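The values are calculated or read from the model by the stated rules, or taken from the named source; none is laboratory data. Owing to the predicted nature of the structure, the values given are computational and were not obtained by experimental measurement. So basically every Cβ, Gly included, is an ideal-geometry build from the backbone, and we count neighbours across all protein chains shown. Just so you know, the surface numbers come from the protein's heavy atoms only, side chains and all, with ligands and any DNA or RNA stripped out. Shrake-Rupley method; radii C 1.70, N 1.55, O 1.52, S 1.80 Å.
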Amino acid sequence: MPESPMAQAGEITQLLAALREGRPEAPDRLVPLVYEELRQIARAYLRSERPDHTLQPTELLHETYCRLVGQRDIDWRDRTHFFGVAAHLMRLILVDHGRKHRSEKHGGGRTPVALDKIQIGSWDNFEGVLAIDEALEKLGQIDARLVRVVELRFFAELSLDESAEVLGVSRETVKRDWNIARAWLASALTLEPRREP
Amino acid sequence: MSPEKWERVKALFHLVEEASTAERDRILEDGCKGDDDVRREVLRLQLAAAPSDFLEDRSDLRLAVGARLLDRFEIVRLLGSGGMGEVYEARDWRLGSRHIALKTIRPDLARDSRFVQRLTKEVVLAREVVHPNVCPIYDLFEAEEQGRPLRFLTMRLIRGETLDALLRRRGPLSAVEALPLARQVCAGIDAAHKAGVIHGDLKPSNVIVADNDGVESATLTDFGLARTFEEGASAGHSSLVLATPAYAAPEVLNRTPVTTAADLFSLGVILYRMRMGGLPGLGAAMPAELGWRRAITACLDQRAENRPARASAAIQTIEGTGRRPPSKWLWAAAPVALLAAGWLLPGRAAVSRWLSPVPKTRHAAVLPFDTPSRP
Ligand SMILES: Nc1ncnc2c1ncn2[C@@H]1O[C@H](COP(=O)(O)OP(=O)(O)O)[C@@H](O)[C@H]1O
Ligand SMILES: [Mg+2]
C-alpha cells in the first residue's frame with residue numbers, strides 16, 4: 001500500500017528541511033519519491049492537453065510539488081530546494097521524451113540543430129534538448145558542478161537567484177559558472193574537437 | 001586537461017569576459033603564463049561565447065513585480081507564459097490605475113522587424129472585433145527595460161480561470177454545464193470571423209472563464225496573434241508555427257493556407273474536451289447526446305470545406321435545432337486506415353464511426369491530435 005498523502009506530505013516537508021540544512025542523506029531519500037510522482041504527472045500531461053509538444057518543466061515541477069507537499073503553505077525556499085532536487089529528474093524525463101519523439105518522427109535519425117534555437121523554455125526543440133544532454137554528458141567528465149548549474153538553469157528553469165539558493169553560493173558565482181558552461185556547451189555543439197597531431 | 005588547468009581556464013575566462021575589449025589580449029597573455037593549453041582553451045570558449053541567442057537568459061528578462069514601463073505600467077504579477085512571451089497583470093497609471101493584462105514579446109521575435117510588422121497588422125485587425133466574448137486588445141508598445149528593448153501589447157484583464165485550468169480542476173462538464181460556455185465561445189468566434197479575423201490558436205487556455213455569482217462568462221483571448229507566426233512560416237522565413245498541435249486543424253499543421261474553418265476544427269477539439277476531459281481520437285468515447293456528437297464530428301472533419309461554416313451552426317446542432325449533417329460525416333468507415341497507423345486510445349470504449357472520412361493518401365493528416373505520426 002502506498003503511504004497516505006498526508007503522511008507523505010509530512011515526510012517530504014521534513015526531507016526538504018533536512019535538505020536546507022545540508023544533511024547529506026536528504027536527496028537520496030527524496031529522489032525516488034519525487035521521480036515517481038513527476039513521471040506520473042508528466043504522463044498525464046502528455047495524455048491530455050498538448051500531447052507531443054510543450055512539456056513545461058516549471059508547470060510540471062510546480063504541480064508535483066503541490067501534489068506532494070500540499071497546496072497549503074508554499075514556502076518559496078522549500079519549493080526552490082525541491083526544484084533543485086528535481087532538476088536532474090526533469091532532465092531524464094525531457095530527454096526520454098525527446099528520444100521517443102526522435103525515434104518515432106525521424107526513424108531514429110538526427111536532424112541538425114541551430115544553436116540560437118536552443119533556448120531555455122524551447123521544449124518543443126527536441127533535438128536541441130538531446131544535444132544539450134549529450135554535451136552535458138561530456139562536460140560531466142570535466143566539471144560536475146557546471147553540469148549541476150545547467151540542470152538547474154536549463155532543465156528546471158530556475159533563475160540565477162533561485163539556483164544560488166539551491167547551491168548555497170552567491171548569485172555572482174552561479175552567474176560565472178553559467179557563463180562558462182554556456183560557452184563550453186556552445187563550443188562543444190559547434191566547433192569540431194580539434195585533433196592534435 | 002588536468003583539473004588544475006581547467007580551474008585556471010575558468011578563472012581566466014571570467015577575467016577576460018569582464019575586461020574591456022582593449023585589455024583582453026593583455027589579460028589573456030598575462031593570465032596564461034605561457035601555458036598554450038590554457039590560452040587555447042580560453043580563446044576557444046570566448047569564441048563560442050560570442051553574443052548569440054544560445055541559451056539566452058530569459059528568466060532574467062522576466063519583469064519584476066513593481067517594475068514600471070514607460071513611466072506608465074506597473075507590473076503587479078506574472079499571470080502565465082506561452083509561446084510568444086509572458087503575460088502580466090499590470091496597472092495603467094495613466095488611465096486611473098486600471099488593471100490590465102500586459103503581454104511581452106520574446107526578444108528574438110521582437111528583434112525581427114518582419115514579425116513586428118505582421119503583428120502590428122494583426123493587432124490593427126483584431127481591434128476591429130468588439131464583442132463581449134472577445135478580449136479587447138488595447139495597444140502595442142515599445143519600451144526599454146534594463147538597457148534592452150522590450151515590446152509588449154496590452155489588453156483587457158479578464159479575471160477568472162482559463163478553460164484549461166477549469167477542466168483540469170472540475171473534470172468533464174455535463175451537457176447542461178457545458179452548453180452556456182460553448183455558446184459564448186461560438187459567439188466570440190463568429191464575431192471575429194465576421195470582422196475577417198482568424199484566431200489560429202484556439203484552445204482552452206485561450207478561453208478565460210469568469211464566474212459572476214454563479215453565472216459563468218467565457219472570453220476568447222489572443223485573436224489574430226498566432227497568425228503572425230504562421231505567415232512567417234509560409235514565407236519561408238521562420239520555422240515557427242505557434243499553433244498548439246493538439247487543437248490545430250490538419251491544414252494548419254500542413255502549412256497550407258488557413259481559413260476560418262481552421263478555427264472551427266479547434267472548436268471541435270475544445271467542445272470534445274469540455275465534455276470528455278481529454279482529447280478526441282479513434283476509439284475515444286463520445287458524449288452521450290446525439291447533438292454534441294454530431295457537432296463535434298462535423299467540426300473535426302479533416303476537410304475544411306466539410307466543417308460548419310459558422311460556429312453558431314455547431315450550437316444549433318448541439319441543441320438539435322440545426323440541419324442534420326450529411327450522413328457521410330457520421331457513418332463513413334475510416335477506421336481501417338487509422339488502425340493501420342497503429343493508433344488507439346487505451347482503455348476506452350471503441351466508438352470509432354464518428355470519425356470523418358480519411359483522405360486516402362495521408363494517414364498523417366488524420367491524426368492531428370496524435371503523438372507523432374508515421375510517414
Ligand atoms: N487578457 C488576459 N487576462 C487575464 N489573464 C490572461 C490574459 N491573457 C492571458 N492570460 C493568462 O496568461 C497565460 C499565458 O497566456 P499566453 O501567453 O497567451 O499563453 P497560452 O495562451 O498558451 O496559455 C494564460 O494561460 C492565462 O492564464
Ligand atoms: Mg493565450
- request: Keeping to region A:152-183, report how many residues are hydrophobic (A, V, I, L, M, F, W, C) and not in a helix (DSSP H, G or I).
  value: 3
- prompt: Of all residues in region B:73-125, how many are touching a His at 6+ places or on another chain (Cβ under 6 Å) and more than 17 Å from residue B:158 (Cβ to Cβ)?
  reply: 0
message: When the residues of region A:161-181 are narrowed to those that are of a type in the set (D, E, K, R) and open to solvent by less than 60 Å² (accessible area, probe 1.4 Å), which ends up modelled with the highest pLDDT?
response: A:177
- request: Count, please, the residues in region B:196-218 that happen to be within 9 Å of ligand 1 (Cβ to nearest atom) and surrounded by fewer than 22 Cβ atoms within 10 Å (Cβ to Cβ).
  value: 1
- prompt: Listed residues B:111, B:106; which is within 16 Å of ligand 1 (Cβ to nearest atom), within 14 Å of chain A (Cβ to nearest Cβ) and under 18 Å from residue A:121 (Cβ atoms)?
  reply: B:106
message: Being modelled with pLDDT of 90 or more and within 8 Å of chain A (Cβ to nearest Cβ) is the filter here; which residues of region B:4-48 pass it?
response: B:6, B:10, B:13, B:14
- prompt: How many residues, within region B:68-103, are more than 14 Å from ligand 1 (Cβ to nearest atom), out of contact with any strand residue (DSSP E or B) (no Cβ under 6 Å at 6 or more places or on another chain) and at negative phi?
  reply: 4
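To keep it simple, each residue is scored yes or no on (1) touching a Leu at 6+ places or on another chain (Cβ under 8 Å); (2) open to solvent by 40 Å² or more (accessible area, probe 1.4 Å); (3) at pLDDT below 80; (4) outside any helix (DSSP H, G or I).
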| position | (1), (2), (3), (4) |
| --- | --- |
| A:15 | yes, no, no, no |
| A:18 | no, no, no, no |
| A:46 | yes, yes, yes, no |
| A:77 | no, yes, yes, no |
| A:100 | no, yes, no, no |
message: Condition first: of a type outside the set (Asp, Glu), over 27 Å from residue B:196 (Cα atoms) and assigned to a loop (DSSP other than H, G, I, E, B). Now tell me which residues in region B:249-295 satisfy that.
response: B:277, B:278, B:279, B:280, B:281, B:282, B:283, B:284, B:285, B:286, B:287, B:288
- request: Give me a count of the residues in region B:12-39 that are surrounded by 14 or more Cβ atoms within 10 Å (Cβ to Cβ) and in a helix (DSSP H, G or I).
  value: 14
In region A:111-139, the residues that are assigned to a loop (DSSP other than H, G, I, E, B) and either open to solvent by less than 40 Å² (accessible area, probe 1.4 Å) or closer than 20 Å to residue A:58 by Cβ (or both): A:118, A:119, A:120, A:121, A:122, A:123, A:124, A:125
task: Quick one: in region B:117-132, of everything that is open to solvent by 20 Å² or more (accessible area, probe 1.4 Å) and touching a helix residue (DSSP H, G or I) at 6+ places or on another chain (Cβ under 7 Å), which residue is modelled with the lowest pLDDT?
output: B:118
query: Is there a residue in region A:81-93 that is touching a Pro at 6+ places or on another chain (Cβ under 9 Å), at pLDDT below 75 and surrounded by 19 or more Cβ atoms within 10 Å (Cβ to Cβ)?
result: no
message: Would you confirm whether or not region B:251-267 contains a residue that is modelled with pLDDT of 90 or more, open to solvent by less than 10 Å² (accessible area, probe 1.4 Å), within 14 Å of chain A (Cβ to nearest Cβ) and touching a helix residue (DSSP H, G or I) at 6+ places or on another chain (Cβ under 9 Å)?
response: yes
